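Read the structure below first, then the notes.
The values are calculated or read from the model by the stated rules, or taken from the named source; none is laboratory data. Predicted, not measured: the structure shown is a model, and the values here were computed from it. Counting neighbours? That spans all protein chains shown, and the Cβs are built from the backbone with ideal geometry, glycine included.
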Amino acid sequence: MTARTPTEIPSTPEDKKLMEKTWSEEFDVLLTLGSDIYNNIFKNMTACKRLFPWVIKYEDEGVDWKKSTEFKDQALKFVQVIDTVVWGIIDGEKSVPYLYDVGQRHVQYASRGFKANYWDVFLDAMQYAQDQRIPKMTTLTAQEKLRAKQIWHDVAAYIIKHMKAGFFDGQKGVDRYAEK
């Protein structure tokens, strides 16, 4: 899948309404979305498992880590980031400093093997998970489903773009949002 890079986040009232309509605050929906994202990441870049020591531990013990509390917690952490961005877009707030900070915090995971190209794996996983979820939405027309996929691709690209910026600056010891 080739990611599209948006010039801006969804800003028309229609796009915001469709984004809100296709987002859910339901626990089970969020857990499934986050789980689908991480399952896709681990399937396409197994090296990412090293970032989560509990995955390796459970695999060594022959335990299904997908049912673990740690996995569920991690899946929910990821969708919390998406949720913050979604409501920031809907409410007209900018989420850039927040996403930048998340990227900055990922510099600490370089010691566990986090690499810059993992951002693209996360982007593809977010887009794939939404591509699987949206067609199942029975309240949307075919045209709305197509547009919703485009919106969610743009939102995912927006999220990763600003996390990457924080990560790359963090590697250089730069924080453009730090108080001076």
When residues of the range 99-117 are filtered for being of a type in the set (Ser, Thr, Tyr), surrounded by fewer than 19 Cβ atoms within 10 Å (Cβ to Cβ) and either in contact (Cβ under 8 Å) with a residue 12 or more places away in the chain or in contact with a Leu (Cβ under 7 Å, 6 or more places away or on another chain) (or both), how many remain? 1
Spans of helices (runs of 4 or more DSSP H) in the range 73-180 with at least 3 residues in contact with a Pro (Cβ under 7 Å, 6 or more places away or on another chain) and within 27 Å of Asp28 (Cα to Cα): 142-171
Residue check for Phe78: within 21 Å of Ala156 (Cβ to Cβ), touching a Cys at 6+ places or on another chain (Cβ under 8 Å) and surrounded by 12 or more Cβ atoms within 10 Å (Cβ to Cβ): no
The range 153-180 - residue that is exposed (fewer than 13 other Cβ atoms within 10 Å of the Cβ) and small (Gly, Ala, Ser) and, of those, modelled with the highest pLDDT: Gly173
Check whether at least one residue in the range 89-104 is at pLDDT 95 or above and within 20 Å of Ser35 (Cβ to Cβ), and report yes or no. yes
Scan the range 134-152 and tell me whether some residue there is out of contact with any helix residue (DSSP H, G or I) (no Cβ under 8 Å at 6 or more places or on another chain), surrounded by 14 or more Cβ atoms within 10 Å (Cβ to Cβ) and either under 29 Å from Pro13 (Cβ atoms) or not hydroxyl-bearing (Ser, Thr, Tyr) (or both). yes
Which of the residues that make up the range 39-61 are β-branched (Val, Ile, Thr) and out of contact with any helix residue (DSSP H, G or I) (no Cβ under 7 Å at 6 or more places or on another chain)? Thr46
